[in-house]
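Note sheet for the following structure.
The values are calculated or read from the model by the stated rules, or taken from the named source; none is laboratory data. None of the values given here were measured: they were computed from a predicted structure. Glycine also receives a Cβ, built like all others from the backbone with ideal geometry; neighbour counts cover every protein chain displayed. Only protein heavy atoms, including side chains, enter the accessible area calculation; ligands, DNA and RNA are left aside. Shrake-Rupley method; radii C 1.70, N 1.55, O 1.52, S 1.80 Å.
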Amino acid sequence: MCYSEPRYRLMGDRALLVELGEGIGRDINRQVQKLFFGLDQLQTGAIRELQPGYRSLMVVYDPLQISLPALKTRIEGVFRSLDRFQPPEPAHLQVPVAYGAEFGPDLQWVAEHHHLSTAEVIRYHSSATYRVYMIGFTPGYPYLGEVPEEIATPRRETPRVRVPKGSVGIAQLQTGIYPVESPGGWQILGRTPMTLFDPQRRPPSLLQAGDRVTFIPIAHEEFDSWKPNPSSK
Amino acid sequence: MISPGLLTAVQDLGRFGQARYGVAPSGVLDAFAARVGNLLVDNLESEACLEVTLSGLELGVLADLVIAVTGADLGLHINDRPARIWRSVRLVPGDLISFRAVEFGCRAYLTVGGGIEVPVVLNSRSTNLGSGFGGFTGRALQAGDIVHGRDPELHLAAAGRHFDLNAVPAYANDWRLRVLLGPQEGQFRQTGLQTLQQAVYSVSPRSDRTGIRLEGPVIRTRADQPESIVSEGVVAGAIQVPGDGKPIIILNETVSGGYRKIATVITADVPLLAQMVPGDRVVFQAVTLWEAREALWRVEENIARLRNRLGSDTCRGSRTKPVE
């Protein structure tokens, strides 16, 4: 449910969470995208950071340059004409994934948890088109939704200390891709040879909030020889 | 670099404008000490420096330069003689800088006149240690590394500057951190809010650059609230409370999270978080937005006073070589 007015939560004296709705939903997330895009266009030095989330936009500001009421006035100015701000056309990225075995150590467990075969889990996971709700956690990490109900699975009871770069995991209705090696508690179904984050690239993250993702199963032998197709994004 | 000590990394004031790509700010944890240190060696306040954690760092000097050490007192020695911090000093090739004992605080800042020569990655020279990019080839310094300065010879005249020691924050082992309640203070039990403001917490040894973990009375979420919240952005100083009820103060290496934040440390007190060591005691005091703003102005006044005293003739920021 989208709010008719932004709701504010203070995170200290230099960050403001602007909430645009309740829960997780595409409509709310689209509103967040527009507000992010609109405020980003203002290019004011008083706003130091903008981070779109599922249902909120975090605005980090310099309290010595702008007061909280003045900042809210700016935000409401953009919110009132939100439909004027159309974010750029989202990209649709096809992400190759080698499922199972050493690439997806939790595939078997997830299949057994749902009384499905591993092939069925792969089919469900790769049949949906996902929306990038936000980028967070680690550099370039896309929070994708929604996973088909048939394979929605809770996080692992004990998170792994190290999840390899490229791992594709699920947690309840979310799925995500680990762009860099990091700790992680999601159920790992497979791994992509694609590089999602490169600090030398502009932008450094292959995916942006609002983009679309589809997973394409590949054979394990294809993993090492896979090359990015220059025409795809 | 003879010995890196516990952890030494290149940091500036942080990597901003990249949270949308999931990139945390990194950067110095004690921005106050780093800004003062840069002014003492005639740099822009935002110049990169070495963030030194606890003791053990030993450096051999290979060129004429001016340095200043600010922040924690980690037993600075120059050529085996104890040296004072919060002042700039001229060094020559062959000099030896070492940090030998933790007197007060946790992190010292070694600024070099001209700054440190590492590439700018995503608008910053800071090291992102978690993901391995930025700073000195994306990692902490190791024995044998050679760190280059940026035109250190242009800053030699800055030697002998000092900062008013009365304006240095007191680094003790008991901390009072001022906080603004929120953003999710209403989702905790009323007793939890009281606990936060009355209990004495101690800093856990499991604390690091990603967060300060606290041991002490647990803070409970209201019974009608789900285990976690929908992920959202976070800033350094936010105090998150996971399911076990033990607060964690977020630092510069986290960009988003799904835990509730009961309160947030005010900007003026965030640099103090850099100086807390395991076993230190912490109490929280809720203040108003107006008080937070007053406190921030006082911090800025301290830095402005130094800037003014150094004078317009010497405080040019990072100079460039004359055009030939």
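Numerical summary
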{"read-out": "Shielding by partners, peptide A:42-54 (average Cβ within 10 angstrom, other chains)", "value": "4"}
{"read-out": "Computed [θ] at 222 nm, helices only, for chain B once each DSSP H run of length n ≥ 4 contributes -39500 (n - 2.57)", "value": "-4500 deg cm²/dmol"}
{"read-out": "GNM flexibility winner over chain A from A:131, A:74, A:30 (Cα, springs under 10 Å)", "value": "A:74"}
{"read-out": "Region A:2-84: relative contact order in percent, alpha carbon pairs under 8 Å with at least 6 residues between", "value": "30"}
{"read-out": "Per-bin percent of Cα-Cα distances, region A:82-139 [5 Å]", "value": "4, 13, 17, 17, 18, 13, 6, 5, 5, 2"}
{"read-out": "Signed unit charges on C-beta, dipole axis of chain A, positive-most listed residue A:218, A:177, A:43", "value": "A:43"}
{"read-out": "Measure of compaction for region A:163-203 (Cα Rg per 2.2 N^0.38 Å)", "value": "1.19"}
{"read-out": "Residue-count net charge about residue B:105 - beta-carbon cut-off 9 Å; Lys, Arg +1, Asp, Glu -1", "value": "-2"}
{"read-out": "Amide hydrogen neighbours beyond the local backbone of residue A:136, cut-off 5 Å, H modeled", "value": "A:141, A:143"}
{"read-out": "Kirkwood Rh and Cα Rg combined as Rg/Rh, chain B", "value": "0.99"}
{"read-out": "Dipole in debye (nearest 20) - the protein assembly as shown, about Cα centre, beta carbon charges: Lys, Arg +1; Asp, Glu -1", "value": "780"}
{"read-out": "Whether region B:173-263 is rounded, prolate or oblate, judged on the alpha carbon gyration tensor where a/c under 1.5 counts as rounded", "value": "oblate"}
{"read-out": "Net charge dipole size for region A:2-84 [Lys, Arg +1 and Asp, Glu -1 on Cβ; Debye, nearest 20]", "value": "100"}
{"read-out": "√(5λ) per eigenvalue of the Cα gyration tensor, chain A, largest first, Å", "value": "35, 19, 16"}
{"read-out": "Part-to-part distance (alpha-carbon centres) for region B:238-276 and region A:162-231, which is given in Å", "value": "29"}
{"read-out": "Qualifying GluC sites (Glu not before Pro) for region A:144-233 [loop in DSSP, other Cβ within 10 Å: at most 11]", "value": "A:157, A:221"}
{"read-out": "Chain A - percent relative contact order, Cα under 8 Å, separation 6 or more", "value": "19"}
{"read-out": "Over region A:92-225, relative contact order from alpha-carbon pairs under 8 Å, at least 6 apart, %", "value": "35"}
{"read-out": "Inverse mean reciprocal Cα-Cα distance (Kirkwood Rh) of the protein assembly as shown, Å", "value": "24.9"}
{"read-out": "Volume in Å³ per residue [convex hull over Cα atoms, computed for region B:3-170]", "value": "104"}
{"read-out": "Neighbourhood net charge (9 Å Cβ-Cβ; Lys/Arg +1, Asp/Glu -1) for residue A:187", "value": "+1"}
{"read-out": "Over region A:115-167 - Rg/Rh using Cα atoms and the Kirkwood inverse-distance radius", "value": "0.98"}
{"read-out": "Burial order of peptide ranges B:138-144, B:211-217 (average beta-carbon count within 10 Å, highest first)", "value": "B:211-217, B:138-144"}
{"read-out": "Nearest-ten-degree value, helix B:31-40 long axis tilted from longest Cα axis of chain B", "value": "10"}
{"read-out": "Projected-area average for region B:132-189 over all orientations - Cα convex hull basis, square nanometres", "value": "9.9"}
{"read-out": "Whole-number accessible area per residue in Å² for the protein assembly as shown, which is evaluated in the context of all protein chains at 1.4 Å", "value": "42"}
{"read-out": "Pairwise centroid distance, computed over Cα atoms, of region B:1-67 with region B:121-144, Å", "value": "11"}
{"read-out": "Radius 13 Å from Cβ of residue A:3, net charge of other residues (Lys, Arg +1; Asp, Glu -1)", "value": "-2"}
{"read-out": "Alpha-carbon centroid distance for the pair region B:190-222 / region A:80-146, whole angstrom", "value": "35"}
{"read-out": "Crossing angle, helix B:289-314 versus chain B [Cα axis fit, 0-90 degrees, rounded to tens]", "value": "0"}
{"read-out": "Greater than 28 Å apart at Cα, pairs in A:34/A:72; A:165/A:227; A:34/B:261; A:34/B:246", "value": "A:34/B:246"}
{"read-out": "Candidates B:273, B:96, B:110: whichever shows maximal mean-square fluctuation once chain B is modelled as a Gaussian network with Cα springs under 10 Å", "value": "B:96"}
{"read-out": "Normalised convex hull volume, region A:2-84, alpha-carbon set, Å³ per residue", "value": "77"}
{"read-out": "Value of D in µm² per second that Stokes-Einstein yields for region A:58-156, Kirkwood Rh from Cα pairs, at 37 °C (0.692 mPa s)", "value": "187"}
{"read-out": "Point-charge dipole on Cβ atoms (K/R +1, D/E -1) for chain B, about Cα centre, debye to 20", "value": "480"}
{"read-out": "Cα pair distances of region A:92-225 binned at 5 Å [whole percent]", "value": "2, 11, 22, 27, 21, 12, 3, 1, 0"}
{"read-out": "Built amide H within the under 5 Å cut-off of residue B:161, gap 5+", "value": "B:88"}
{"read-out": "Chain A - mean residue ellipticity at 222 nm from DSSP helices (-39,500 (n - 2.57) per run, n ≥ 4, rounded to 500)", "value": "-6500 deg cm²/dmol"}
